[in-house]
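Colleague: First the structure, which I've put down as structure tokens, then a few questions once you've had a look.
The values are calculated or read from the model by the stated rules, or taken from the named source; none is laboratory data. Because the structure is predicted, anything quoted here is derived from the model rather than measured. So basically every Cβ, Gly included, is an ideal-geometry build from the backbone, and we count neighbours across all protein chains shown.
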2 protein chains.
Amino acid sequence: MNQSKTTAPSRRSDATRRAILDAARERFAADGYERATIRAIAQQAQIDPSMVMRYYGNKEGLFAAAVAIDLQLPDAASLPRNEAGRTLVTHFLDMWEENEVLTALLRVGITNEAGAERMRGIFNDQLLPLVERVCPDPEQAPVRAALVSSHLLGLALTRYVLRFPPAAHLHPEEIAAWLAPTLQHYLTAPHPGA
Amino acid sequence: MNQSKTTAPSRRSDATRRAILDAARERFAADGYERATIRAIAQQAQIDPSMVMRYYGNKEGLFAAAVAIDLQLPDAASLPRNEAGRTLVTHFLDMWEENEVLTALLRVGITNEAGAERMRGIFNDQLLPLVERVCPDPEQAPVRAALVSSHLLGLALTRYVLRFPPAAHLHPEEIAAWLAPTLQHYLTAPHPGA
DNA sequence: AATGTTGGTCAACGCCTGTTGGCAACAGTA
DNA sequence: TACTGTTGCCAACAGGCGTTGACCAACATT
């Protein structure tokens with residue numbers, strides 16, 4: 001009764017496992033790591049807390065399973081160099097609006113060292129390689145990627161976590177109109193010189 | 001034995017009170033609200049946990065007393081309009097490097113609703129009025145202030161909390177060289193049009 | 001010298017946390 | 001039917017949490 005050779009065998013508990021992950025994402029996104037208790041997650045998933053332990057080992061294992069991030073960044077080759085800024089900001093906004101995984105990761109990354117390490121990994125493995133191919137001098141890529149991630153994460157912070165009213169109510173297109181030139185500048189403009 | 005009419009009367013317990021606040025700031029900055037336990041704060045201040053309750057009522061009261069923020073933003077009148085961006089970014093960096101209060105506020109603002117409300121208050125009461133006086137059309141001030149705060153808070157997030165290596169190791173002057181024109185643009189450039 | 005106030009310690013309360021092991025119901029197989 | 005592994009619930013554990021109140025010591029005031 002397996003799906004195929006590439007997918008894991010389907011188990012009777014698959015529905016429960018998925019319910020736990022969905023609830024975990026929602027609680028982690030809303031409450032952060034400490035206040036997203038296993039009991040609260042279990043209650044939302046309508047199962048017993050011990051099931052979480054059985055399927056995911058412990059709380060850290062649950063977090064690792066619940067927050068698996070693939071930014072799905074566009075390929076550097078198919079990215080017009082002078083459109084990189086706009087593409088990045090619209091892509092990030094789409095990802096943030098789509099579901100709560102990124103909000104969960106951001107909230108946890110701030111209170112939990114394992115979460116912070118996860119975010120550094122995503123920065124290194126997903127954003128940095130893209131910037132290396134877009135910016136003129138690969139040696140400057142880390143600095144430029146840091147500037148880009150600072151701005152984008154700051155936007156997510158004020159809009160989705162702190163909910164500053166002006167940031168939370170801005171239309172995505174207006175955000176893109178403001179940020180795209182800035183990101184483009186960080187990616188491709190010559191170093192301003194300290 | 002009072003100092004003067006403007007300062008509070010000095011008490012024998014002032015040293016203890018200060019030790020508690022110092023320890024609280026350090027723990028809140030390092031651990032966030034939930035994991036900064038009263039017991040840990042008391043131990044670091046080398047006093048009994050019950051003293052914290054006696055002097056500050058409860059944990060929320062302690063947080064309110066420990067994290068009283070005055071951004072000490074420059075006066076809008078004395079701020080050359082075309083130097084506003086650079087002034088802002090260097091001022092913010094100075095404040096963040098000076099002590100851990102802002103890091104504490106940022107960490108707590110993300111896990112604790114009271115902390116988030118405090119940050120919204122600082123945004124409204126301190127940054128927004130300044131932007132209103134600097135930017136051309138006061139009606140656009142909220143959006144422009146939101147853009148500025150997004151970028152600055154994002155910088156603090158990646159540099160002081162998540163500690164992305166490139167962001168954490170950047171020299172303040174290089175940060176200023178990159179961010180000053182961006183902030184200046186957000187403050188005074190014409191609306192890009194959505 | 002007696003008294004009230006303040007600074008500080010100690011032990012405990014009730015609650016919540018992550019985590020564990022035992023037990024019942026069920027599915028698939030032979 | 002009997003057997004085996006899976007799914008799920010229940011009750012409990014040890015420990016940490018914020019918080020409280022009783023108690024003692026040092027000081028200031030009378």
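Colleague: Hey, among the residues in the stretch B:84-111 that are touching a Leu at 6+ places or on another chain (Cβ under 8 Å) and within 11 Å of another protein chain (Cβ to nearest Cβ), which one's modelled with the lowest pLDDT?
Modeller: B:Ile110
Colleague: For the stretch B:24-67, which positions are charged (D, E, K, R) and farther than 16 Å from B:Glu100 by Cα?
Modeller: Taking the stretch B:24-67 as the starting set, the residues that turn out to be charged (D, E, K, R) are B:25-27, B:31, B:34-35, B:39, B:48, B:54, B:59-60.
Result: B:Glu34, B:Arg35, B:Arg39, B:Asp48, B:Arg54, B:Lys59, B:Glu60.
Colleague: With respect to A:Pro136, determine if the residue is more than 12 Å from chain B (Cβ to nearest Cβ) and modelled with pLDDT under 95.
Modeller: yes
Colleague: Please go through the stretch B:55-64 and pick out each residue that is within 8 Å of DNA strand D (Cβ to nearest atom) and either of a type in the set (Val, Ile, Thr) or surrounded by 14 or more Cβ atoms within 10 Å (Cβ to Cβ) (or both).
Modeller: Matches in the stretch B:55-64: B:Lys59, B:Leu62.
Colleague: What about B:Arg35, is it outside the structural domain of B:Phe92 (by TED's automatic domain parsing) and farther than 25 Å from A:Glu113 by Cβ?
Modeller: Details: outside the structural domain of B:Phe92 (by TED's automatic domain parsing): yes; farther than 25 Å from A:Glu113 by Cβ: no.
So B:Arg35 fails the test.
Colleague: Which of the residues spanning the stretch B:177-188 are among the aliphatic types (A, V, I, L, M), more than 7 Å from every other protein chain (Cβ to nearest Cβ) and surrounded by fewer than 21 Cβ atoms within 10 Å (Cβ to Cβ)?
Modeller: First, the residues of the stretch B:177-188 that are among the aliphatic types (A, V, I, L, M): B:177, B:179-180, B:183, B:187.
Going one step further and asking which of them are more than 7 Å from every other protein chain (Cβ to nearest Cβ), we end up with B:179-180, B:183, B:187.
Result: B:Ala180, single match.
Colleague: When the residues of the stretch A:37-57 are narrowed to those that are free of Cβ contacts under 8 Å to residues at least 24 places away in the same chain and not in a helix (DSSP H, G or I), which ends up farthest from B:Val108 (Cα to Cα)?
Modeller: Step one: of the stretch A:37-57, the residues free of Cβ contacts under 8 Å to residues at least 24 places away in the same chain are A:37, A:39-44, A:48-50, A:53-54, A:57.
So of that shortlist, the ones also not in a helix (DSSP H, G or I) come out as A:37, A:48, A:57.
On the way: A:Thr37: 18, A:Asp48: 31, A:Gly57: 29 Å.
So the residue we want is A:Asp48.
Colleague: Still on this structure: Mind listing whichever residues of the stretch A:9-49 are more than 14 Å from DNA strand D (Cβ to nearest atom), in contact with a Ser or Thr (Cβ under 9 Å, 6 or more places away or on another chain) and of a type in the set (Gly, Ala, Ser)?
Modeller: A:Ala29, A:Ala30, A:Gly32
One line per residue, one yes/no per condition, for (1) in contact (Cβ under 8 Å) with a residue 40 or more places away in the chain; (2) surrounded by 16 or more Cβ atoms within 10 Å (Cβ to Cβ); (3) outside the structural domain of B:Thr182 (by TED's automatic domain parsing):
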| residue | (1), (2), (3) |
| --- | --- |
| B:Glu98 | no, no, no |
| B:Val101 | yes, yes, no |
| B:Ala104 | yes, yes, no |
| B:Ile110 | yes, yes, no |
| B:Arg118 | yes, yes, no |
| B:Ile122 | yes, yes, no |
| B:Arg133 | yes, no, no |
| B:Val148 | yes, yes, no |
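Colleague: Residues being assigned to a helix (DSSP H, G or I) and facing another protein chain (nearest Cβ under 7 Å): count how many of those fall in the stretch B:153-176.
Modeller: Going residue by residue through the stretch B:153-176, those that are assigned to a helix (DSSP H, G or I) are B:153-161, B:165-169, B:172-176.
Subsequent filtering for residues that are facing another protein chain (nearest Cβ under 7 Å) retains B:153-155, B:157-158, B:161, B:166-167, B:173-174.
Number of matching residues: 10.
Colleague: Okay, moving on. Consider B:Val143 against the criteria (1) more than 10 Å from chain A (Cβ to nearest Cβ); (2) over 24 Å from A:Leu127 (Cβ atoms); (3) in a helix (DSSP H, G or I): it satisfies all of them except one. Which criterion is unmet?
Modeller: Only one criterion is unmet by B:Val143, namely (1).
Colleague: Mind telling me which of the residues A:Ala84, A:Ala65, A:Ala77 ends up being within 16 Å of DNA strand C (Cβ to nearest atom) and of a type outside the set (Asp, Glu)?
Modeller: When all the criteria are applied, what remains is A:Ala65.
Colleague: Ok, one more. Does the stretch A:65-79 hold any residues that are among the small types (Gly, Ala, Ser) and surrounded by 14 or more Cβ atoms within 10 Å (Cβ to Cβ), and which are they?
Modeller: Kept after step one, since they are among the small types (Gly, Ala, Ser), are these residues of the stretch A:65-79: A:65-66, A:68, A:76-78.
Passing the criteria: A:Ala65, A:Ala66, A:Ala76.
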